[in-house]
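The values are calculated or read from the model by the stated rules, or taken from the named source; none is laboratory data. Owing to the predicted nature of the structure, the values given are computational and were not obtained by experimental measurement. Cβ placement follows ideal geometry from the backbone for every residue including glycine, while neighbour counts extend to all protein chains displayed. Heads up: the accessible areas ignore ligands, DNA and RNA and are worked out on the full protein's heavy atoms, side chains in. Shrake-Rupley method; radii C 1.70, N 1.55, O 1.52, S 1.80 Å.
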Amino acid sequence: MSTNEVSLTPAQVEAFGRALDALKAEVIADLGERDLAHIRGVIAKSHAAEIAGRAMLHFGLGPVSFLGGVAALASAKILNNMEIGHNVMHGQYDWSGDPALQSSTYDWDTVCPAANWKNYHNYEHHTFTNVLGRDRDIGYAYLRVCEEQSWAPRHLAQPVVAANLALNFQWGIATHDFRFEEYLDGRLPMRDLPRAVAPFLRKAAWLLAKDYVFFPALALANAPRVFLGNLLANGARNVWAFAIIFCGHFPDGVAYFPEESLAGETRGAWYLRQIRGSANIEGGPLFHLFSGHLSHQIEHHLFPDVPAVRYPAMAVRVRALCEEFGVPYNTGSFWQQFGTVVKRIFRLSLPARRVSSAPLAAAASL
Amino acid sequence: MSNTLVAESPLSFFSRRMMLERPFETLVRQLAPTWSRTETLAEVVELRRESPRATTVVLAPNGRWSGFEPGQFVPVTFEVNGVRTTRCYSLSEAPRRGRLHITVARHPQGKVSRHVHDHLALGTVVTLGEAAGALVLPREPGPVLLVAGGSGVTPMRAHVRALAERRALEGVVLLHDARTEEDLLFARDFRALTLAHPGFAYLPRTTSGDDPTLRLDAARLATLVPDFASRTALACGPGGFVAMIEAAFAEAGAGARLRTESFTAPMAAAPPANAETRTIAAPVALLRSQVHFNADGRTSLLVQAEAAGARPKSGCRMGICHTCTCTKRSGTVVNLLTGRVSSEPNEAVQLCVSAALGPVELDA
């Protein structure tokens, strides 16, 4: 694994942090109508796509309208989860005061309850990004994605486990906050589990009923077609979200950090860890939109509560700053980044060949 | 979300649980832009320039609007460059089926009034609160005196129009003080009413800027309306103006006959002093946890709340995760990272990176 080492003096790290703070303040001061028009436009399009997709599945007959319906419904679900849900729940539009766009009340159209997501994602993952033992998103407790994670025999099966996770990603996302492994080994009392999972079970039951009972029943004779169409749309959304998110932190060149690196970490050092622990994907505006602008994972990790539609413009400035300070900036095409993720999942399914622990030591010395 | 007082219909329950509400709402709003299950929305259907500095906005509210009495005001929420901002405006026309009129005076420092004058477009949808205010007349008021200072004439306009419709304008006196002829809003309309209703007295006065010798005072009031103390009176205007009228009535022993409403002109917010040198002692109230403390203007509200014994929800403590975001009911705070100042009521603020710039009430 290649690491992205940096050699900056503490003063340079703080200067780097101040420059990023200034960039954020500049964009925050410029937020307004335009940003609101963007997100409302995406919301309207996602709703139109959902209505069109369901109509094609319900009333269509041939394979063309079936595939069109699946594509439209999958697009609606992807926009809802990624550009709208993920970003609104980060507080990117709290400043507008629009009750429909508040991070405290928004809930997305996926089985993961908003409260669980905001806890392990907004707080744990975004604060402790790529810190082993603190960021539970490193491999999502199922996979070994970096050498620093110790190998166990179960990792031999991880290519299959990863494919299964991709197909059922919304269920992985939804259950990640419960820390089942800690209930199993007794760190959390089992009697608390039912109450913890109740909101998830309730939400999941209603959303399953919607896609696999209610809408098929409404379609009468077309019920099997609608059932299958909804299944494929959910599956397509799952695979897409998995691919984008795995490209964010698991491609080659991304650094992982020991827990000690958190001690006395300054704001500048936090910024630096976000950049070194994230990777971008290059693409066009439509690709960025459908990734919820998580194709700009680096900018998202620096500025998680800035409207994501601003990231492409901010990326130009962030990249220039990185060059100025000699900080590596990890970016590549989707297939480049995803290719290294897949290779890594296969490679790390086997125990480590004896390599030095130099990457960790380098990170710790920062 | 669901109203606990009103039983939710099964249809709404199912659509909420299956998350079909929002797509449904988008669909309906294509046809009826003000449709809402929960909010009183209104569409801007007419914009009328009353003077270079005043615009009347005519609103068509949805079915949730519950009506008003002449003299009352309504909180109106506009989106000013994407940020919801609420101001209260007196309704300036008698109650009419399906239409509300507000008249907005332009202040050079007024964020909302400038927005209304320079950017508000027909078809815009705004959010309304409920009508409120005690500047109303009893059903049989006897002789009436209406005193208005500046744009305080707007609720008086609603009274005059409603009284005219009821043919009850005889014997009514309307006294309006404004700086210039241009600021004598609705003057043409009031003059026309004096012709149609000979018993209606309209006494417009211009004070030509800030010359204090021309301003209305108790002596001038007694000269203009000798029987003022025996009338049912309403007064509306800037704070000093209204205080003067109140004093005149109190002196005449007629304080009980007078109802008033006053306003302060918007001021440009002074930029907050440098965070390192700022020293204040501003009372902060956490409304949910019932904790009170004095903010120093520099330390984050989260740290100070915890020091005072409160335990608000929190996460990253560095302004990124929004776990501690709560609604600020009133007061002014500054974001210590971005310098953004929040002074409007009911804005979302992050406790971990916000400091108080004055007294603050928080929903935490």
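If you go through the stretch A:72-102 and keep only what is in contact (Cβ under 8 Å) with a residue 24 or more places away in the chain, more than 12 Å from chain B (Cβ to nearest Cβ) and over 20 Å from the mean Cα position of the chain (by Cα), you end up with nothing.
Just one of (1) within 14 Å of chain B (Cβ to nearest Cβ); (2) modelled with pLDDT under 95 trips up A:Arg179, so point out which. Of everything listed in (1) within 14 Å of chain B (Cβ to nearest Cβ); (2) modelled with pLDDT under 95, A:Arg179 misses just condition (1). Taking the conditions (1) within 14 Å of chain B (Cβ to nearest Cβ); (2) open to solvent by 10 Å² or more (accessible area, probe 1.4 Å); (3) within 23 Å of A:Ile275 (Cα to Cα) in turn, A:Arg136 satisfies each one other than (1).
When restricted to residues that are open to solvent by 30 Å² or more (accessible area, probe 1.4 Å) and farther than 21 Å from B:Thr260 by Cα, the stretch B:120-145 contains 5. Just one of the listed residues (B:Thr34, B:Thr26) is surrounded by 15 or more Cβ atoms within 10 Å (Cβ to Cβ) and within 14 Å of chain A (Cβ to nearest Cβ), namely B:Thr26.
When the stretch A:293-329 is limited to residues that are away from every other protein chain (no Cβ under 14 Å) and assigned to a loop (DSSP other than H, G, I, E, B), the one that is surrounded by the most Cβ atoms within 10 Å (Cβ to Cβ) turns out to be A:His293.
Residues being open to solvent by 20 Å² or more (accessible area, probe 1.4 Å) and of a type in the set (S, T, N, Q) are entirely absent from the stretch B:87-108.
Against the list (1) free of Cβ contacts under 8 Å to residues at least 60 places away in the same chain; (2) at positive phi; (3) buried (at least 22 other Cβ atoms within 10 Å of the Cβ), the condition B:Val172 fails is (2).
Quick grid of which residues meet (1) touching a helix residue (DSSP H, G or I) at 6+ places or on another chain (Cβ under 7 Å); (2) farther than 27 Å from B:Ser342 by Cα; (3) among the charged types (D, E, K, R):
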| site | (1), (2), (3) |
| --- | --- |
| B:Leu47 | no, yes, no |
| B:Arg64 | no, yes, yes |
| B:Gly67 | no, yes, no |
| B:Val80 | yes, no, no |
| B:Leu91 | yes, yes, no |
| B:His115 | no, no, no |
| B:Asp118 | no, no, yes |
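Just one of the numbered conditions (1) at the interface with chain B (Cβ under 8 Å from one of its Cβ atoms); (2) closer than 30 Å to A:Phe227 by Cβ is not true of A:Lys24: (2).
For the residues B:Ala348, B:Ala310, B:Ala355, the requirement of being under 28 Å from A:Glu26 (Cα atoms) and more than 12 Å from chain A (Cβ to nearest Cβ) singles out B:Ala355. Of the set (1) open to solvent by less than 60 Å² (accessible area, probe 1.4 Å); (2) farther than 24 Å from A:Ser96 by Cβ; (3) within 13 Å of chain A (Cβ to nearest Cβ), all apply to B:Val83 but (2). Looking across the stretch A:212-236, the residues that are buried (at least 20 other Cβ atoms within 10 Å of the Cβ) and within 14 Å of chain B (Cβ to nearest Cβ) come down to A:Phe215, A:Pro216, A:Asn230, A:Asn234.
Checking each residue in the stretch A:112-122 for being in contact (Cβ under 8 Å) with a residue 60 or more places away in the chain, more than 8 Å from chain B (Cβ to nearest Cβ) and buried (at least 20 other Cβ atoms within 10 Å of the Cβ) picks out A:Cys112, A:Pro113, A:Asn116, A:Trp117.
Among the numbered conditions (1) surrounded by 13 or more Cβ atoms within 10 Å (Cβ to Cβ); (2) outside any strand (DSSP E or B), the only one that B:Gly253 does not meet is (1). Please determine whether any residue of the stretch B:50-65 is among the charged types (D, E, K, R) and touching a Lys or Arg at 6+ places or on another chain (Cβ under 6 Å). Within the stretch B:50-65, one or more residues are among the charged types (D, E, K, R) and touching a Lys or Arg at 6+ places or on another chain (Cβ under 6 Å).
Evaluation of B:Arg166 against the conditions (1) without any contact (Cβ under 8 Å) to a residue 24 or more places away in the chain; (2) under 20 Å from the mean Cα position of the chain (by Cα) shows that the sole unmet condition is (2). In the stretch B:225-238, the residues that are aromatic (Phe, Trp, Tyr) form Cβ pairs under 6 Å with partners that are part of a strand (DSSP E or B), at six or more places apart or across chains, as follows: B:Phe228/B:Leu145. Pairs meeting the criteria (first residue in the stretch A:315-343 and in contact (Cβ under 8 Å) with a residue 24 or more places away in the chain, second residue of a type in the set (Lys, Arg), beta carbons under 6 Å, at least 6 apart or on different chains) are A:Tyr329/A:Arg319. If the condition is being away from chain B (no Cβ under 14 Å) and open to solvent by 60 Å² or more (accessible area, probe 1.4 Å), then the stretch A:32-70 contributes A:Met56, A:Phe59, A:Leu61, A:Pro63, A:Val64, A:Leu67. Output the residues belonging to the stretch A:280-292 that are in contact (Cβ under 8 Å) with a residue 40 or more places away in the chain, open to solvent by 10 Å² or more (accessible area, probe 1.4 Å) and not small (Gly, Ala, Ser). Selection gives A:Glu282, A:Phe287, A:Leu289, A:Phe290. Within the stretch A:196-205, being facing chain B (nearest Cβ under 10 Å) and open to solvent by less than 50 Å² (accessible area, probe 1.4 Å) holds for one residue alone: A:Lys203.
Of all the numbered requirements in (1) under 30 Å from A:Ala204 (Cα atoms); (2) within 14 Å of chain A (Cβ to nearest Cβ), B:Ser9 misses one, and that requirement is (2). Listed here are the helices (runs of 4 or more DSSP H) enclosed by the stretch A:6-120 that have at least 3 residues being within 18 Å of A:Pro307 (Cβ to Cβ): A:10-30, A:33-59.
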